1. What value, in deg cm²/dmol to 500, does the helix sum -39500 (n - 2.57) over DSSP H runs of n ≥ 4 give at 222 nm once divided by the residues of the chain?
2. Roughly how tilted is helix 20-35, in degrees to the nearest 10 and between 0 and 90, from the longest Cα axis of the chain?
3. Could you run the Karplus curve 6.51 cos²θ - 1.76 cosθ + 1.60 with θ = phi - 60° over region 77-83 and give me ³J(HN,Hα) per residue in whole Hz, x for Gly and Pro?
4. For Gly90, what residues show an amide H to amide H distance below 5 Å, using hydrogens built from the backbone and excluding near sequence neighbours?
5. What share of all Cα pairs of region 94-133, in percent, falls into each consecutive 5 Å distance bin?
6. Keeping the other protein chains in place, figure out the carbon and sulfur percent of the accessible area of the chain, with a 1.4 Å probe.
7. Would you work out the relative contact order for region 38-113, in percent, from Cα pairs under 8 angstrom that are 6 or more residues apart?
8. Let me check I've understood the local charge: for Ala108, count other residues with C-beta under 13 angstrom from its C-beta, Lys and Arg +1, Asp and Glu -1. What total comes out?
Amino acid sequence: MFEFFDHTADLGLRVTAPDLNSLFTEAAVGLFSMMTDDLSAVRPNLAVPFTVTGTDREYLLFDWLRELLLYADEHRVLFSRFDVSVTDSGLSATAHGEPLDPARHELAREVKAITYHELKVEQTPAGWLAEVIVDI
């Protein structure tokens, strides 16, 4: 589950999930839900593999979302589905989506960057919690 929260000229993303794989998956879904009003309109026709190394979970989340954002910007694609496996040394994932089609994809806002500001990934009694602020 994810939700957005306002943050001075930026936008925050708060994610809760029962495990790390789901947490990183939901964070990616949340990121692309910030960009488009209807993520369900993005067909999972294209599969792009990602590998991100790192042992610090907060930096791993930052790097994961940054890689997705950079790829989406460079290749003009939107992703709507993610298969993520988090390990002690990083993550491997496949992002599914399609090229941006302005006739079908209504863009909600431009996400310029992922920030380190108030970045959080922590285990709670209910599972996992992540918070990330994006520059819009």
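The values are calculated or read from the model by the stated rules, or taken from the named source; none is laboratory data. These numbers come from a predicted model, not from an experiment. All Cβ positions, glycine included, derive from the backbone under ideal geometry; neighbour counts span all protein chains shown. To get the accessible areas, we keep the full protein, side chains included, count just its heavy atoms, and leave off ligands, DNA and RNA. Shrake-Rupley method; radii C 1.70, N 1.55, O 1.52, S 1.80 Å.
1. Numbers: 2 runs with 35 residues, N = 136.
So the helix-based figure for the chain works out to -8500 deg cm²/dmol.
2. The angle comes out near 40 degrees.
3. 10, 10, 10, 10, 9, 9, 10
4. Gly54
5. Percent of pairs per bin, in order: 5, 15, 13, 16, 18, 15, 12, 5, 1.
6. Here carbon and sulfur together make up 48 percent of the probe-accessible area.
7. 43
8. On the way: positive: Arg109; negative: Asp37, Asp38, Glu106, Glu110.
The answer is -3.
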